[in-house]
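To keep things clear, I will list the structure first and then write my remarks on it.
Every read-out reported here was derived from the displayed coordinates using simple, explicitly stated rules and does not represent laboratory data. All figures in this text were calculated on a predicted structure; none of them were measured in a lab. Reconstructed Cβ throughout: ideal geometry from the backbone, glycine too, with neighbour counts over all protein chains shown.
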Amino acid sequence: MATSPPAVIAVVGPTGSGKSDLAVALALELGGEVINADAMQFYRGMDIGTAKVTAEERRGVPHHLLDTLDVTEEASVSDFQRKARAAIAEIHGRGKRAILAGGSGLYVRAALDVLEFPGTDPAIRRRLEAELDDAGLAPLRTRLEAVDPLSAARVGDARRVVRALEVFELTGRPFSSFMPVREYFQPAVQIGLEVDRELLKDRLAHRVHRMVADGLQAEVQRLDAAGLRNGKTAARALGYSQFLKVLDGEWDVGQATEDTIVATRKFARRQLTWFRADPRITWLDWQDPELVAKAAAICR
């Protein structure tokens, strides 16, 4: 009789909470390998500003889906889903434990949950965009209300109305039917890192200052030469968008540093809100001396 695969492990929480360290420690404890689920760590060369785990910090644990994109390429959740699930199957096939680590909530859910991504059709998209240009948003919104009232109530901007109509024409299903549900694609366990918010605020500020001292501006300059500004995803990354303004002479280093700190703290709050909404996550104190042992016990 075929045995079911082991549960996928996911280590989640806000940026700066220690997810990478815990994932590596669990991999060493349980015989596992780590799969990156941080969208900005897909990018080659974006090392300092994303706090990408160094070879030394990986402690010999294999890491997957790091450095898979050039900064000019756009990150895709559906592409990540395919690659992450292939990596999970390959790791489990070798008798190891697959451990997702990252704070990009939708990417984690794409790997773990029953979540479909409808395709695209450039011809349909062009026709709908032409209709938008000719007649405005109102007729498209009226059509969407007729075929998919749930999406019509949720989406506001023209781009998303066009996308919802494109999906309906392409699949015959309302776009709202593709919304995720909290149902695991295969057995999974999620460990969330519970943080002290004031301590995290201080840690994030210290981390940004350390990134600047370690050469963030020079890293952004190198990536700018490689086409960073042309990347829809990479150019918006925390720290990178701010230091592009330094290169342009709009801001000084101090202003870019402070703006990065503020933006990183806001991002951490959004991550906490996202993960807090998932009742399946088991939360553990990020500073508990027994953190690794407790997390390993849950995963076993």
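Gaussian network model of the chain, Cα springs within a sub-10 Å range: biggest mean-square fluctuation belongs to which of 68, 257, 120?
In the Gaussian network model the winner is 120.
Could you tell me which trypsin sites (Lys or Arg not before Pro) in the stretch 172-273 are loop residues by DSSP with no more than 14 other beta carbons within 10 angstrom of their beta carbon?
182, 232
Out of every Cα pair in the stretch 178-300, what percent are spaced more than 21 Å from each other?
Percent of Cα pairs beyond 21 Å in the stretch 178-300: 55.
Given only helices, namely DSSP H runs of n ≥ 4 each adding -39500 (n - 2.57), what is the per-residue ellipticity at 222 nm of the chain, to the nearest 500 deg cm²/dmol?
About -16000 deg cm²/dmol.
On a C-alpha basis, how far is the centre of the stretch 54-132 from the centre of the stretch 243-271 in Å? Whole number, if you could?
Going from one Cα centre to the other spans 27 Å.
Across the chain, how many lysine pairs separated by 8 or more positions, or lying on different chains, have Cα atoms within less than 19 Å?
Lysine pair count for the chain: 7.
Using only the alpha carbons of the chain, determine the length spanned along each of the three principal axes and report them from longest to shortest in whole angstroms.
65, 61, 34
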